[in-house]
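Undergrad: Here you go, one structure.
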Amino acid sequence: MQSYRCLSTQSLAWAPSGRYPRHRHRHLQSPWRVSAVAAPMKNQKKHSMPAEKIEVFKSLEGWASEGLLPLLKPVEHCWQPQDMVPDSSLPLDEFMDQVKALRHRTAELPDDYFVVLVGDMITEDALPTYQSMINNLDAVGDETGASPDPWAVWTRSWTAEENRHGDLLRTYLYLSGRVDMRMVEKTVQYLIGAGMDPGTENNPYLGFVYTSFQERATFVSHGNTARLAKERGDPVLARICGTIAADEKRHENAYARIVEKLLEVDPTGAMLAIADMMQKRITMPAHLMFDGRDPRLFEHFSAVAQRLGVYTANDYADILEFLIGRWRLEKLEGLTSEGKRAQEFVCGLAPRIRRLQERADERARKMKAHTAVKFSWIFDKQVSLN
Ligand SMILES: [Fe+2]
Ligand SMILES: [Fe+2]
C-alpha cells in the first residue's frame, strides 16, 4: 500500500503572484478545506459572467447536442447497482450465501480503507447539491425541470448516471457489516443540508472548469480504491470501484470537451476562468461534511485518503498537469495580455504545488508526531492520520 504523509492545511497554502489576488471569501487555501459546519458562507460572489456571454452558450447548443450528448450512455446499455450486489430475490439461503461471501471478502480490508470508501460514498450521495450547483449556472441551467435544451438534458442525464454510484457503494457497505450505517446516513443528511461552496459564482465558465477537474479527481480516487480492494483480496469491490471510475472518466471527458470548446470560441474568457479556479484552489465537493461529532471530519477523512494514496496533493498537481496538456494551454494563442498572464500563472502552477508538497513532507518527517482520530463511521475505532 502506498503511503503518503498527512498535510496540514497550512502546509499546502500557496500564494500566486500579485497578478492574481486572492478572493475575499476564499479564506482557506488548502485543496481540502476544513469543515465549516452550519456556518453560512459569507461574501459569496454571484452571477459573475457578463450578460453578453450568455450568447456564447446559446450559440453552442447545436454543438452540445452533437458533441456532448453522445457521451451519455443509453439507459438500456448502462450497468445498474443490482448487477454487482447480492440478489435479494433469490431464495433466502442463496441470498445469505452471497452476503456471507461478500463479508468473507471484505473481512481482509482494513478499517482505514473503510473510512475512505465511506467518505467517497458520502461524496457521491450528496448528488442533489451538485445538480443544484450546475442548474444554477447561468445560461446552461434546467429552467423548467424538464427543459429540452441540450445543456439541461446533459445535466439531468449526467445526474441519473451519477445517482447509481452512491446507491451501489451504499448497498455494498451496508451488507459488509463493517460500518455504522446510521452515522454514515447522518453524515449524508448533514452534508446535503450544508451544500457546498465551489466558488463558481453561477458562472458556467468557472462551473465547467470545476466539473472537469472534479470528475477527474473522482476518477483518480475511485481508481485507487479499486486497486486497494484488489490488493486486499476483494475483486468484486475492485470491480465496483473500477466501474464507477470508468463513468467518472467519461464524465471528465465531457466536461473537458466543453472547456476545450470555450477555449476555441473565447480563448481569453476560458483561460481567465481556468486561472480563477486554480487560484482559488478546487474545493472538494464534500468539504462541508459533518457527522454531528467531529467538526474536522473532512480534514480527517482527507488525511486518511492522502495516507492511503487514494487522493493526494500529488494527484491534485497531476490533474492540473493533465488538463493543461489536454487543453494545450501552453500553446494557446489569440490571448489578450490579461489572458497571457493567466496562461503563465496556470502553466507554472503544478511544479509549485509539488515543491510545497515536498516541503510539507519534509516538515512532517522532522516532527514525527503521530496522530490518530476516532471515526464514528467505523464504530469510533481509531485510525492513524499520518
Ligand atoms: Fe460519481
Ligand atoms: Fe462524477
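Undergrad: Can you tell me which condition ALA101 does not meet? The list is (1) modelled with pLDDT of 50 or more; (2) exposed (fewer than 13 other Cβ atoms within 10 Å of the Cβ); (3) among the hydrophobic types (A, V, I, L, M, F, W, C); (4) part of a loop (DSSP other than H, G, I, E, B), and all the others hold.
TA: (4)
Undergrad: Right, here's the next one. Among residues belonging to region 184-210 that are within 16 Å of ligand 1 (Cβ to nearest atom) and touching a Ser or Thr at 6+ places or on another chain (Cβ under 9 Å), point out the one that is farthest from PHE301 (Cα to Cα).
TA: Here the residue is TYR210.
Undergrad: Checking the conditions here, which among GLN29, GLN10, GLN80 is open to solvent by less than 90 Å² (accessible area, probe 1.4 Å) and at pLDDT below 95? Please lay out each step first, then the result.
TA: On the way: GLN10 fails: open to solvent by less than 90 Å² (accessible area, probe 1.4 Å); GLN80 fails: at pLDDT below 95.
Going through GLN29, GLN10, GLN80 in turn, just one is open to solvent by less than 90 Å² (accessible area, probe 1.4 Å) and at pLDDT below 95: GLN29.
Undergrad: Quick one: is ALA229 within 16 Å of ligand 2 (Cβ to nearest atom), part of a helix (DSSP H, G or I) and of a type outside the set (Val, Ile, Thr)? Talk me through it step by step, then tell me what you get.
TA: Numbers: within 16 Å of ligand 2 (Cβ to nearest atom): no; part of a helix (DSSP H, G or I): yes; of a type outside the set (Val, Ile, Thr): yes.
When the stated conditions are applied, ALA229 does not pass them.
Residue-wise test of (1) more than 16 Å from ligand 1 (Cβ to nearest atom); (2) open to solvent by 10 Å² or more (accessible area, probe 1.4 Å).
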{"position": "ARG250", "(1), (2)": "no, yes"}
{"position": "VAL259", "(1), (2)": "yes, no"}
{"position": "GLU264", "(1), (2)": "yes, yes"}
{"position": "PRO267", "(1), (2)": "yes, yes"}
{"position": "LEU272", "(1), (2)": "yes, yes"}
{"position": "MET277", "(1), (2)": "yes, no"}
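Undergrad: Among the residues of region 301-321, is any open to solvent by 30 Å² or more (accessible area, probe 1.4 Å), in a helix (DSSP H, G or I) and closer than 18 Å to VAL209 by Cβ?
TA: yes
Undergrad: Of the numbered conditions (1) assigned to a loop (DSSP other than H, G, I, E, B); (2) within 20 Å of PHE290 (Cα to Cα); (3) without any contact (Cβ under 8 Å) to a residue 12 or more places away in the chain, GLU185 fails exactly one; give the number of that condition.
TA: (1)
Undergrad: Then there's this: When you check SER89 against the structure, is it open to solvent by 70 Å² or more (accessible area, probe 1.4 Å), free of Cβ contacts under 8 Å to residues at least 24 places away in the same chain and either more than 30 Å from ASN202 (Cβ to Cβ) or more than 15 Å from ligand 1 (Cβ to nearest atom) (or both), yes or no?
TA: Yes.
Undergrad: Starting from residues that are open to solvent by 10 Å² or more (accessible area, probe 1.4 Å) and in contact (Cβ under 8 Å) with a residue 40 or more places away in the chain, keep the ones in region 216-234 and report whichever is nearest to LEU60 (Cα to Cα).
TA: ARG216
Undergrad: I've got another one for you. Would you tally the residues in region 327-344 being more than 23 Å from the chain's Cα centre (by Cα), part of a helix (DSSP H, G or I) and either among the hydrophobic types (A, V, I, L, M, F, W, C) or on the phi > 0 side of the Ramachandran plot (or both)?
TA: The qualifying residues number 1.
Undergrad: Name every residue in region 137-179 that is more than 16 Å from ligand 2 (Cβ to nearest atom), without any contact (Cβ under 8 Å) to a residue 40 or more places away in the chain and surrounded by fewer than 17 Cβ atoms within 10 Å (Cβ to Cβ), in order of residue number.
TA: GLU143, THR144, GLY145, ALA146, SER147, PRO148, TYR174
Undergrad: Filter region 190-204 down to the residues that are open to solvent by 10 Å² or more (accessible area, probe 1.4 Å) and in a helix (DSSP H, G or I), then identify the one that is farthest from THR129 (Cα to Cα).
TA: So the residue we want is TYR190.
Undergrad: Here's something else I'd like to know. Looking for something within 13 Å of ligand 1 (Cβ to nearest atom), open to solvent by less than 20 Å² (accessible area, probe 1.4 Å), within 15 Å of the chain's Cα centre (by Cα) and under 15 Å from LEU308 (Cβ atoms) - is there at least one such residue anywhere in region 120-135?
TA: For region 120-135, residues within 13 Å of ligand 1 (Cβ to nearest atom), open to solvent by less than 20 Å² (accessible area, probe 1.4 Å), within 15 Å of the chain's Cα centre (by Cα) and under 15 Å from LEU308 (Cβ atoms): present.
The values are calculated or read from the model by the stated rules, or taken from the named source; none is laboratory data. Keep in mind that what you see is a predicted model, and the values were worked out from it rather than measured. Cβ sites come from the backbone with ideal geometry, for glycine too, and all protein chains shown count toward neighbours. The protein model used for the area step is the full one, side chains on, heavy atoms only, and it has no ligands, DNA or RNA in it. Shrake-Rupley method; radii C 1.70, N 1.55, O 1.52, S 1.80 Å.
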